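Every number here is computed from the coordinates shown, using simple stated rules; none is lab data. Computed from a predicted structure; not experimentally measured.
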Amino acid sequence: MIQPDKTLVIVNPNAQGGRVRSQLDRLELTVKRNLGDCSFVCTARREHAMEITREAVASGATTVISVGGDGTH
């Protein structure tokens, strides 16, 4: 079972030509409504998602969800 306090959602705000950025608030609200109060982080550069994931796992995250394009995944 997913534990919201140990869940991180990594988002590429530039995915889909920037459409993800314009819908970020809605996305976060929908995910939190369904999963609970998990953490959200946006990537800022190439390979940033890997750095964020490593840090999150080292800090105890048990679930990482990625939202974005091929680079994010």
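Values as computed for the structure displayed
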quantity	calculated
The chain: calculated mean residue ellipticity at 222 nm from DSSP helix runs of at least 4, using -39500 (n - 2.57)	-10500 deg cm²/dmol
Residue-span extension gain [Q16 to Q3] - 0.36 nm each, minus C-alpha spacing	1.8 nm
Part-to-part distance (alpha-carbon centres) for the stretch 21-57 and the stretch 1-18, which is given in Å	3 Å
P(r) tail fraction, the chain - alpha-carbon pairs more than 21 Å apart, %	22 percent
